[in-house]
Ligand code: TMP
Ligand code: MG
């Protein structure tokens, strides 16, 4: 019987280095013969993903709740694929997940509980790595401004909500790690690798669902 592979989520603010770190992590997993697949949310390639992309690029406007539900639906359309990969022994490394969904929408004033509900019972990560960086440091990196949510004030609120989610996930027995992403790329990659090695080599329990 194939052993279930771990589900690893990388979360963070815009410009926290998420995509770079995700790519480095995948390279390293492959080099260590850990089969792994990258999944990125939003997945802009699907029909729903294209609506999300148009909204993020400000080519279309949508009600805050409508776009929230589209982001969630975009995860649901890939949920069974994620489960199949894990059950066939392939680790999934996910660049953003439901926690981004809550953090970004709730920062616009929607209720935290309302934002959480459509993602209840999605596959739960075995490890969530939150790349934490101050909005000031993030802004200096490449500058915001290309997409809708890339504004310092919004990122500050998003960061606060992410930290709240992290405390709740930890209190609930989940594995959430805050990583100081303001450091050099290699130092961040090394810390991420330590955590991933731990879950990749350890026992992975039965699959769980978010907030159930
Ligand atoms: P990206 O830059 O990682 O492609 O993400 C695009 C933006 O979408 C980013 O500002 C975070 C935001 N977002 C949400 O608002 N809700 C979600 O559920 C996800 C996955 C991302
Ligand atoms: Mg972006």
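The values are calculated or read from the model by the stated rules, or taken from the named source; none is laboratory data. Just so it is clear, the model here is predicted, and its values are computed rather than measured. Backbone-built Cβ (ideal geometry, glycine too); neighbour counts: all protein chains shown.
Which one is farthest from the chain's Cα centre (by Cα) among residues in the range 46-69 that are free of Cβ contacts under 8 Å to residues at least 40 places away in the same chain and within 12 Å of ligand 1 (Cβ to nearest atom)? By that ranking, first place goes to 62. Determine if the range 177-193 includes at least one residue that is outside any strand (DSSP E or B), without any contact (Cβ under 8 Å) to a residue 12 or more places away in the chain, more than 14 Å from ligand 2 (Cβ to nearest atom) and under 23 Å from residue 76 (Cβ atoms). Within the range 177-193 (the criterion being outside any strand (DSSP E or B), without any contact (Cβ under 8 Å) to a residue 12 or more places away in the chain, more than 14 Å from ligand 2 (Cβ to nearest atom) and under 23 Å from residue 76 (Cβ atoms)), the answer is no, since none of the residues qualifies.
It is to be established whether one or more residues within the range 12-23 are within 16 Å of ligand 2 (Cβ to nearest atom), in contact with a helix residue (DSSP H, G or I) (Cβ under 6 Å, 6 or more places away or on another chain) and in a strand (DSSP E or B). Within the range 12-23, one or more residues are within 16 Å of ligand 2 (Cβ to nearest atom), in contact with a helix residue (DSSP H, G or I) (Cβ under 6 Å, 6 or more places away or on another chain) and in a strand (DSSP E or B).
A quick yes/no check of all residues on (1) more than 17 Å from the chain's Cα centre (by Cα); (2) more than 28 Å from residue 112 (Cα to Cα):
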site	(1), (2)
144	yes, no
155	no, no
162	no, no
178	no, no
189	no, yes
194	yes, yes
200	yes, yes
208	no, no
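The set of residues in the range 115-148 that are in contact with a helix residue (DSSP H, G or I) (Cβ under 8 Å, 6 or more places away or on another chain), within 14 Å of ligand 1 (Cβ to nearest atom) and modelled with pLDDT of 95 or more comprises 115, 116, 118, 119, 122, 128, 130, 131. Those helices (runs of 4 or more DSSP H) of the range 78-159 in which at least 3 residues are within 16 Å of ligand 2 (Cβ to nearest atom) and buried (at least 20 other Cβ atoms within 10 Å of the Cβ), considering only elements entirely within it, cover 98-106.
Taking (1) assigned to a helix (DSSP H, G or I); (2) crowded, with 20+ Cβ neighbours inside 10 Å in turn, residue 197 satisfies each apart from (2).
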